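Below is one structure, written out as C-alpha cells; comments come after it.
Any read-out appearing in this document is the output of simple, stated calculations on the displayed coordinates, not a laboratory observation. Note that the coordinates shown come from a computational prediction; the quantities given were computed from them, not determined experimentally. Quick reminder, even Gly has a Cβ in these numbers, built from the backbone with ideal geometry, and neighbours come from all protein chains shown.
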Amino acid sequence: MKYFAALLKMKDLQKNTDFHDQHIAFLQQKESEGKIFARGRFADSKGGMAIYMAASYEEALTIAENDPYVKSGARSLELYEWDMKVVSSK
C-alpha cells in the first residue's frame, strides 16, 4: 500500500459551505473502507489535506477526484505520492 497526499486548496467559499456535509460523509466512508491514513483542515482555513492509502497513483486520483469538494469546484486538487518516513522519539 502506498500513501498519497491530496492538497485541497480553497477555490469557492460558498461551494465549500454548501458541500461540507457531503465532503465529511465522503471522508467517513473512505475511512471505513481503510483508504484514509490522516485528514484535516489547514489552521488558516484555506483548505485541507487528506492522506489516502492506495495501490497506485491512479487509484488514489480516482478516490480524490470523487471528493464532493473537488467535483463541485469548491477546492482544487493537487495529488502527490508521499514517501512517508516514521520517526520515533527516544
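Would you compute the Debye intensity of the chain from its alpha-carbon atoms alone, equal scatterers and no solvent, and pass along log10 I(q)/I(0) at q = 0.13 Å⁻¹ to two decimals? With one equal scatterer per Cα and no solvent, log10 I(q)/I(0) is -0.41. Dipole size of the chain about its Cα centre, with +1 on Lys/Arg Cβ and -1 on Asp/Glu Cβ: approximately 320 debye, rounded to the nearest 20. Using the average count of surrounding beta-carbon atoms within 10 Å as a protection proxy, the listed peptides 33-39, 43-49 rank, highest first, as 33-39, 43-49. In plain terms, the chain from residue 2 to residue 59 could stretch by 19.5 nm, reckoned as 0.36 nm per residue minus the Cα-Cα distance.
Mean residue ellipticity, 222 nm, helices only, the chain: the sum of -39500 (n - 2.57) across DSSP H runs of n ≥ 4, divided by residue count and rounded to 500, is -10000 deg cm²/dmol.
Pairs of Lys residues in the chain that lie 8 or more places apart, or on two chains, and have C-alpha atoms under 20 angstrom apart add up to 14. Take every Cα pair under 8 Å whose residues are at least 6 apart in sequence, average their separation, divide by the length of the chain, and the relative contact order is 48 percent.
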